[in-house]
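Engineer: The structure under discussion is supplied below as structure tokens; questions concerning it will follow.
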Amino acid sequence: NWTIPPDILSQLPNGFWTDSQSFVRSLYSEISDKYLGNQDYNVLAVILGLRIKIEEKTVALIPEDIRCEYYNKHGSKEKLAFADLHSNQIPEIFYLLQPLYNEALHLRNGQNTNRENKNRIESAYLKLSSNIIKEMVGTVFQ
């Protein structure tokens, strides 16, 4: 959880997220209202919101006393494997959607990366255009 201090917020454009909850609500709205509503959508907002929702649901499935260990894991593969080890209730759909958000959310910095990043985002858009993927995302958000 975070909140932007007022002195910094005053320098940001109107409508900028003031805290983490408003940011997540914005991502979820992008998914439920636009993506699942067959309207134009922001690809990065959809895949970021998807990753956050999957992590929220995963955390809810593991015992509270080991959640801190979960948060200390690096990477969604390691987090899902840890949660599956301690829960045996992790839906297969979480694993199937993981490559979608992993690839596009790990953009690169540096020389000669613009094309690679563009390809990753375009690839995510093409995958999100699939009706099967849309159904899977809808299932996660039920």
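The values are calculated or read from the model by the stated rules, or taken from the named source; none is laboratory data. If you're wondering where the values come from, they're calculated on a predicted model, not measured in any experiment. All Cβ positions, glycine included, derive from the backbone under ideal geometry; neighbour counts span all protein chains shown.
Engineer: Could you please let me know if Arg51 is surrounded by 11 or more Cβ atoms within 10 Å (Cβ to Cβ), without any contact (Cβ under 8 Å) to a residue 60 or more places away in the chain and in contact with an Asp or Glu (Cβ under 9 Å, 6 or more places away or on another chain)?
Structural biologist: No, not satisfied.
Engineer: When the residues of region 120-142 are narrowed to those that are modelled with pLDDT of 90 or more and among the basic types (Lys, Arg), which ends up farthest from Asp33 (Cα to Cα)?
Structural biologist: Lys127
Engineer: For region 73-81, indicate whether the set of residues that are among the acidic types (Asp, Glu), modelled with pLDDT of 80 or more and within 12 Å of the chain's Cα centre (by Cα) is non-empty.
Structural biologist: no
Engineer: What is the residue count in region 89-119 for residues that are modelled with pLDDT of 80 or more and closer than 30 Å to Glu69 by Cβ?
Structural biologist: Looking only at that region, the number is 14.
Engineer: Being part of a helix (DSSP H, G or I) and exposed (fewer than 12 other Cβ atoms within 10 Å of the Cβ) is the filter here, so list the residues in region 78-115 that pass it.
Structural biologist: Hits for region 78-115 are Leu85, Glu92, Asn114, Arg115.
Engineer: Filter region 2-32 for residues that are over 16 Å from the mean Cα position of the chain (by Cα) and charged (D, E, K, R); which is nearest to Arg120 (Cα to Cα)?
Structural biologist: Once the filter is applied, the top-ranked residue is Asp19.
Engineer: Right, here's the next one. Name the residues in region 95-129 that are of a type in the set (Gly, Ala, Ser) and more than 13 Å from Val43 (Cα to Cα), would you?
Structural biologist: Listed by number, the list holds a single entry, Gly110.
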